[in-house]
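Trainee: Dropping the structure in here first, questions after.
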Amino acid sequence: MTASRISRVVVTPVAFTDPPLLNVVGVHQPFALRAIIQIHTDSGTVGLGETYADEAHLARLGTVADVLAGLDVFDLNGLRRRVVDVLEDGGGAKVAGMLALKNPADVVLSPFEVALLDIQGKELGRPVSDLLGGAVRDEVPFSAYLFYKWAGHPGSDADAWGEALDPDAIVAQATRMVDAYGFTAIKLKGGVFAPQQEVEAVKALSAAFPDHKLRIDPNGAWTVGTSIQVAKELEGLIEYLEDPTPGIDGMAQVARQTDIPLATNMCVIAFDHLKPAVGADAVQVVLSDHHYWGGLQRSRLLGGICDTFGMGLSMHSNSHLGISLAAMTHLAAATPNLTYACDTHYPWKTEDLIKPGVLDFAGGSVQVPNAPGLGVELDEDALGRLHEQYLSCGIRGRDDTAYLRTFQPDFTPNTARW
Ligand code: GKR
Ligand code: MG
C-alpha cells in the first residue's frame, strides 16, 4: 500500500468569545485565539490540528506549512526534521500568555503531528487512540475548572455565568458546572486574591462537595513560606497542589514540607526540565499538554518518563475548541498512567467549529470517539465565521496583563507576591 503524501496545508487563525476569567497575570480578553491546521493529501484526505495563534506562533506555523508538501503522512520523524530545519535557532517561544519555551520545535510541530495522526487514522479506518497504543479507557474524565471572574467584560452585559469573586460564588459556579457536566473533580484557578481567601474557597468547596477530588492552582503566586502554610491548611482536602510557587527549587522546598503531591504545568514544560525536577523531587504530578510537549506521541513519551520516575500524570488546558478536546481525549485514553481527571476550559466557550454531538460530557467524562482519526468533523461555515471574528476582533496575541491594566493601570502580575 502506498501511503499518501501531503499536498497542501492551510493554517486559519480563529477567535472565539471568552469570558473575563481572572488569573495571576490578569484577565482573559473578550476573544481567545486559536489556529486551525488542515493538512490535505494527494489522496483527498484532510487532517485537523489546533494550536495557539499568537502572531509569532502563527508566523512559525506558516513557515512550517510551506515546507510540508510531499511528506509521507506516516513519516512523523520526517515531519520533525523539516520543522527543526526550517525554524531559526534561538529566540524561544512565548505562547498562551504564561508559557515561555526555550525551543519552539515541540510547540510548532504539535498541531501538524495531530493532523497527520488524524489522516493516518482516517486512511487506516482506526481511531487515533489506536495509533497511540490503544485506548485503555472508554471515556476520559475531566475536571470542573473554576475561575474567579467578573460578571461580564467591562462595557458589556453580564455573561451567563455571572460574577464569582468570593467563596460562595465559587461554590455556586462549581454547583452549576457539576450539575451541567457531572464532573467528579474540581480545580480552582487561584493566584487572584490573598491566599487565605482562596483557602477559604477550597474549604467551602470541600464542604459542599465532600466526595469530589479538589485542586487549587495559583500559577506560582505564593512564596515558599505561604505555600507551606497553605499546604498545611489544605492537607486532607485536596488531591494535589498545582504550582503554588515558581521554579523547581521553590517547588522542591515546598515539597519537602508537605505530603500533598505538588503538580506543575509551569516549572516542567519541556523534556530538559525533567532531569532537574526529578533530581530535586520538586514535582509529584506533571501536567502533560500535547500542544507544547511536541504532539501526541511525545506526550506518551512524557507519560513513560513520569512512570519510570514515579511521578503522576495529569493534563493541562488552555482556552480551546473541539479539535483540541478530541486530541486530548484520544491521548488520555491511550495513556495508562494518566489517572487524574484532565483539565479543560471547554465549558467556558460558547462557540465551536466542529459538528456537535461527538464530544459531549456525561458524568464528567467524554467518550473516546471511535470513528477513524480524531473522530470529529470540521464545520466549514463555523470555521469561516470564527475566522471573520479573528479578522475583526483586533486581538493578535494573548495578553491578560495588558487587558487588566486597561481597567487597573497599577496592576502588577508578580508571581510569589504573597
Ligand atoms: O486560562 O487563565 C487561564 C489559565 O490560568 C491558563 O492560562 C493556565 O495555563 O490553565 C492553565 C494552568 O493550569 O496553569
Ligand atoms: Mg496550572
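Trainee: Share of the stretch 286-408's accessible area from carbon and sulfur, percent, 1.4 Å? Mind dumping the intermediate values first?
Mentor: Working: 2150 of 4350 Å².
The computed percentage sits at 49.
Trainee: log₁₀ I(q)/I(0) of the chain at q = 0.08, 0.09, 0.12 Å⁻¹, via Debye over equal Cα point scatterers, no solvent, to two decimals?
Mentor: Log-scaled intensity ratios, in q order: -0.40, -0.52, -0.96.
Trainee: In addition: Ignoring ligands, DNA and RNA, what accessible area per residue does the chain give at 1.4 Å, in Å²?
Mentor: On the way: 15630 Å² over 418 residues.
Heavy-atom accessible area per residue stands at 37 Å².
Trainee: Let me ask you something else. Put Glu200, Glu233, Glu388, Glu242 in order of accessible area, largest first, 1.4 Å probe: what do you get? Please list the in-between numbers first.
Mentor: Values: Glu200 80, Glu233 50, Glu388 115, Glu242 0 Å².
Largest accessible area first, the residues go Glu388, Glu200, Glu233, Glu242.
Trainee: May I pose another question? What is the gain in length, in nm to one decimal, between Asn370 and Thr412 on full extension, counting 0.36 nm per residue of separation less the C-alpha to C-alpha distance? If you can, show how the numbers build up before the last one.
Mentor: On the way: separation 42, 0.36 × 42 = 15.12 nm, distance 4.66 nm.
Extra length available between Asn370 and Thr412 comes to 10.5 nm.
Trainee: Helix 322-333: angle to the longest alpha-carbon principal axis of the chain, degrees 0 to 90, nearest 10?
Mentor: Helix 322-333 sits at roughly 80 degrees to that axis.
Trainee: Once neighbouring chains are kept in place and the probe is 1.4 Å, which whole percent of the accessible area of the stretch 86-163 is contributed by carbon and sulfur?
Mentor: Details: 1370 of 3080 Å².
C and S fraction of accessible area: 45 percent.
Trainee: Still on this model: Over all directions, the average projected area of the alpha-carbon convex hull for the stretch 168-253 comes to how many nm²?
Mentor: Values: hull surface 21.2 nm².
For the Cα atoms of the stretch 168-253, the hull's average projected area reads 5.3 nm².
Trainee: Let me know the Rg and Dmax you get for the stretch 308-418 when you use only its Cα atoms, in Å.
Mentor: When restricted to Cα atoms, the stretch 308-418 yields Rg and Dmax of 17.9, 51 Å.
Trainee: What percent antiparallel are the DSSP beta bridges of the chain, to the nearest 5?
Mentor: Values: 31 of 52 bridges.
Of all bridge pairs located within the chain, approximately 60 percent are antiparallel.
Trainee: Let me ask something additional. Using only C-alpha atoms and all pairs of different ones, pull out the Kirkwood radius for the stretch 128-273 in Å with one decimal.
Mentor: Values: mean 1/r = 0.0605 Å⁻¹.
Taking the inverse mean of 1/r over all distinct Cα pairs, the stretch 128-273 comes out at 16.5 Å.
Trainee: Direction-averaged shadow area of the convex hull around the Cα atoms of the stretch 298-372, nm²?
Mentor: Mean shadow area of the hull around the Cα atoms is 5.5 nm².
The values are calculated or read from the model by the stated rules, or taken from the named source; none is laboratory data. Not measured: the values here are computed from a predicted model. We work out accessible area using only protein heavy atoms, side chains counted, and drop any ligands, DNA or RNA first. Shrake-Rupley method; radii C 1.70, N 1.55, O 1.52, S 1.80 Å.
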